[in-house]
Amino acid sequence: MTVSGLWLLLAPATPLLLMLVWVLSPLRPRLGVLAPWAALPALLLALWPQEFAAASLPGVQLGTHLALDSIGRSLLLLTAVLWWVGGWYAWRMLGQQLTPGFALLFLLAMAGNFGVLTADDGISFYCWFALMSFAAYGMVLLHPTRQTRLAGRVYIALVLLGEVALLSALMLAAQGAAAMDFASLRAGIAESAHGELAVWLLLLGLGVKVGLPGLHFSLPLIYRAAPAPLAAILAGAMINAGLLGWLRLLPAGQVAMPGVAELVMALGMFAAFYGVVIGLLQRDPRVVLGYSSISQMGLVTMAIGWGLAAPQYWSALVLVVALYAVHHGLAKAALFIGLGLREYGPRAGRWQRTVAIGMLLPALALAGAPLTSGLLAKGLLKAQAETLALPLAQALAWVMPLSTVATTLLLARFFALLRHDQGAAQTRLVRGDLLLWGLLLLVPAFWVGSLSQPSWPSPWHGTAMWSALWPILLGLLFAGWLRHWLARREPAEVPPGDLGIWLYRLCLRVVVRSRGWRLEAWPWRISIGSVAGWHRLQAWLTRYRTEANGWRWAMMLMVLLILLLLWPGLAMWVGGSTAEAISVNLA
Amino acid sequence: MSSSLPLWVVLSSLLPGLLIFFLAERQSRLRIALNAVGAVVKLALVGMMIWGVYHGLHYDVRWELLPGLELALQADGLALLFVGLSSLLWLVTTVYAIGYLEDSPHRSRFFGFFSLCVTATVGVALSDNLFTFLLFYEMLTLSTYPLIVHRGTEVARQAARIYLGYTLVGGALLLLGTVWLYTLTGTLEFRPQGVMGEIDEAQHGALRMIFVLLIAGLGVKAALIPLHGWLPKAMVAPAPVSALLHAVAVVKAGAFGIVRVVHDVYGVEFSSELGVLLPLAVLAAATILYGSVRALYQDDLKRRLAYSTVSQVSYIVLGTAIAGPIAAIGGLIHLVHQGLMKITLFFCAGNLAETLGIHKVSEMQGVGRRMPLTMLAFTVAALGMIGLPPLAGFISKWYLGIGALEAGQAWVIVVLVLSSLLNAAYFLPILYRAWFMPPPKAWPQAREFGAAETAWALLLPSLVTALLVLLTGLLAQMAFSPLQWATFISLLEFRS
């Protein structure tokens, strides 16, 4: 292996090596302080101007390959920065609460995340992915309470589901593939008789991380459970692992899968608005951010769908998707760290105000305001949608401004939920702690500039600015009206994790009951159980009534949005396919 | 002596075992020395054989008992895979048992039968025909009985009775099948691709019956449902016995026998022609799921592990029954991988019981803080069982899955997926309890070991085997890894 290959290996290996410090008992309590610095080699690797040779370790696992392409590099830069900054703030904010045991899991998850980005074959990707997913449990459960345990359980259940789906997909892919590198696996899926099944399994297995609708339940829960600086890592860095998996493994550039593609586009579009609707009915700002992630990832999922429909656009789409992921990750992480600065910082009004104002910047970026990374990311996504020669995709170009309206609305709700009396009685944070965060706020502009390709249309001219601005203004207007209207009637809350929580309760009841059958003293249980059960039923009905109220709100908003969406979309779709049919007939 | 190495491998545990019976209870140093010398010598001899076979040498010892009935030992790839595992784990378990049984009564009896048990296992592995196999197989049954009954309690005696009942009936079925087979084929030899080359088609019905008899006889030890009933009961035995029983000796001998019958008596190709492999695969799949479901409901840690064994050993049978070269590799490596993982789990269960008096899953709250190294080993092995990369269990699962797809039996993937989920469902709550819940005020029955969390003789073996679980998975492609050996064996069976 060459020196440059070794360097590549160092990124995921450093956190693992740092774990050895645990053995030295005098240094053990300091592991929490040292942990974030394990991200430095990865950071250097991402910034190093030189190309890296791929590295191979044929004896490890079933043959391990590492490489760093431009997609991996841009995501590695984001990931390394966020692990370092998030870890550093975690230490500043939580101090001694970061036990050595936690630090070990933190390092494992970090290694997994870097490994995912540098992996160049399916098996090691899967391996690092599993390491990251399971070790992140430690971040969710840093403070074990009823709430975090629930989040942890839902999270682990979904992780397991994702693991087995991903493994099955890899098996299907490997069966037809000549080797285990990504290109061969993609070819294997493209040629396999079970290709479509493998694609679905990939969408399912990695969709758990991305928050695909139906698999999204854990995101809001774990963002609420993990302390804010750690949530920044979860929401900014780890969420992209699933996306990267899609970019690496889906055979989108090779075969068109129109059936799958349309469903994926529909799922993405649904997520983009479902996330906003449920998010609007939340009361915890962290949960709102979770639903915002679901919604943002919905837009990216839509783009994946375009790629599955039109292979010729895939290579361009990949770059746009990666750029969007970097932009979203940075903005989300900045928002979460801002929440942490308010929560763990002094109660003084000035501090709280400063942070809140600072948070406007990433929020505007998420909405795609002019002069932010969001404008470029969203503009490119929209431009891509318009170039696609697909009726549905063109209709979807309509979705973008609408989604901006929705995002603005959601972020307005987020700011409205920031409590005024926040802050800690005793704080370790000083003014200097704002510095790093300030840098994080400013970085996106440079970054995105360095990523842009000459072939991309420039988003800096007037029309683009205006087309980015009007949905935001509309959203703000709508938000103002909504706030005025809501001042009189606060809508009920949909539980964070929405349908997933109901599913979870259902499963729990089934499991508890089946356990009950096995107990030998079951008549006793029933007599006790029936009394307790009656009270439970009553409590459940009461809760159901308030929650049902929330759902009614959700439904109303959803129908409204769908109507808004479908009006231009449906017209264009029907028109487009009719035109296509006519042209086919004429030919 | 070089060609008689297999005999010396058998004797290296037989002789110390026989000598130990004559030692007085208090001669513990001599006993330890005999055990250690035996275990190290055996490991060295096996190492030599592996080196030799790798360089093309053949080892073969024959001794004609009756005309046509030979006591025959040899060392082919499959034998070495199993012998290597047994001799390695014997050494580790001996260290563990010495620590575990310190100051407890009847140690000479225990270690004597322990050595005999290993002798029988090694004999099973090295036998070159069904007759020799049968002899050692029965010897295994009889030498394990005193180990299960060792504690002498009513529960132990009952468990041992049940064990004996099951295995003696199994042995009888196996004998019946063997004799019947001999009348048809005139040979009991093991040969790659089987001995059925020129059998008349009219005999196929009888051969199917014989297959059922042989598998039923072997299936008792391999704990295939519905013949698994003895295994969860037998876990009353002391921890080193359970460890050896579940990882190497009894259960594995059954699974190994099934591999031998399918590969070297019937031959994979002929068996699939007979149509006996699909039912076997379905039985194995049912066992995998049934064992996991039952494990979910056990609060007793060792019982949970026992049901897990029922489930996991059937991976080996499943891999064999899928009838494809890659699935066969998956089954064969699981022979080793399951052994390493399960022995670690039982060692750790023993550590918990000996150090803190913990026998139940519900008592394991926060035990990770009190015994971090033990629980680390447990965690590695448990995650390996679920099949997470880069651990050993993942490699087995991967080869089984790919092999099943290659053989056109995609349903196996569903079984593997369900089994992984079930494994997670009964292992992850244990890990959660141990690492994420606060410890209780007092442990059920705590003993102090100074600065260390427990006796070194107990801790070290668990750490060594846990490390092996990691390394066999992580370095699966290195020379001499179980995967490489299994590939080598599979190539011999499936060459065309």
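Listed values, structure above:
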item	result
The stretch A:241-343: C-alpha gyration tensor shape, a/c 1.5 cut-off, then a/b vs b/c	oblate
Sequence-separation-based contact order of chain B, relative, with Cα cut under 8 Å and 6+ spacing, percent	15
Alpha-carbon centroid distance for the pair the stretch A:185-214 / the stretch A:303-353, whole angstrom	24
Unit charges at the beta carbon, dipole of the stretch A:55-161: most positive-side option, A:Gly87, A:Gly122, A:Gly112	A:Gly87
Per-residue SASA entry for A:Arg30, accessible area with 1.4 Å probe, Å² rounded to 10	140
Burial order of peptide ranges B:489-495, A:357-363 (average beta-carbon count within 10 Å, highest first)	A:357-363, B:489-495
Derived scalar couplings ³J(HN,Hα) [the stretch B:457-472; Karplus, 6.51 cos²θ - 1.76 cosθ + 1.60; whole Hz; x for Gly, Pro]	5, 8, 6, 4, x, 5, 5, 4, 5, 5, 4, 5, 4, 5, 5, 5
Calculated log₁₀ intensity ratio I(q)/I(0) where the Debye formula runs over C-alpha points of chain B, q = 0.12, 0.13 Å⁻¹	-1.02, -1.22
Long-range tail of P(r) for the stretch B:345-417 (Cα pairs > 17 Å, %)	54
Hydrodynamic radius by Kirkwood, which averages 1/r over all alpha carbon pairs of the protein assembly as shown, in angstrom	31.3
Dipole magnitude (debye, nearest 20) for chain B, charges at Cβ of Lys, Arg, Asp, Glu	1680
Contact surface A-B: accessible area buried, both sides summed, square angstrom, 1.4 angstrom probe	2700
Segments B:365-375, B:247-257 sorted - mean Cβ within 10 Å per residue, highest first	B:247-257, B:365-375
Inverse mean reciprocal Cα-Cα distance (Kirkwood Rh) of the stretch A:317-428, Å	15.5
Area accessible to solvent at A:Tyr155, 1.4 Å probe radius, in Å²	10
Solvent exposure ordering (accessible area, 1.4 Å, most first) of B:Tyr100, B:Tyr163	B:Tyr100, B:Tyr163
Translational D in µm²/s for the stretch B:48-177 (Stokes-Einstein at 4 °C, 1.567 mPa s, Kirkwood Rh from C-alpha pairs)	79
Solvent-accessible area per residue for the stretch A:239-309 (1.4 angstrom probe, square angstrom)	17
Sulfur and carbon atoms: percent of accessible area, the protein assembly as shown [1.4 Å]	68
Cβ neighbours within 10 Å from other chains - mean over A:158-167	4
Qualifying lysines (Cα of each under 30 Å from Cα of A:Lys332; at least 8 residues distant if same chain)	A:Lys209, A:Lys378, A:Lys382
Between the stretch B:97-137 and the stretch B:153-193, the Cα center-to-center distance that results, in Å	17
Most positive-pole-ward Cα, A:Ile294, B:Gly152, B:Val220, against dipole of the protein assembly as shown from beta carbon charges	A:Ile294
Qualifying lysines (Cα of each under 18 Å from Cα of B:Lys441; at least 8 residues distant if same chain)	B:Lys360
Cα centroid separation - the stretch A:23-71 against the stretch B:434-496, whole Å	26
Estimated dipole of the protein assembly as shown in Debye, rounded to 20 [Cβ of Lys and Arg +1, of Asp and Glu -1, Cα centre]	4460
Calculated FRET value between A:Leu263 and B:Glu406, using beta carbons and R₀ = 41 Å, to 0.05	0.85
Largest to smallest accessible area among B:Arg26, A:Arg509, A:Arg353 [probe 1.4 Å]	B:Arg26, A:Arg353, A:Arg509
Shielding by partners, peptide B:379-389 (average Cβ within 10 angstrom, other chains)	3
Shielding score for B:472-483, defined as the mean number of other chain Cβ atoms within 10 Å	3
Ranked packing of B:52-59, A:245-252, most packed first, by mean Cβ within 10 Å	A:245-252, B:52-59
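The values are calculated or read from the model by the stated rules, or taken from the named source; none is laboratory data. Everything numeric here is computed off the predicted structure, so don't read it as measured data. Every residue, glycine among them, receives a Cβ derived from its backbone with ideal geometry; neighbour counts consider all protein chains shown. Note: accessible area is taken over every heavy atom of the protein model, side chains too, but ligands, DNA and RNA are not part of it. Shrake-Rupley method; radii C 1.70, N 1.55, O 1.52, S 1.80 Å.
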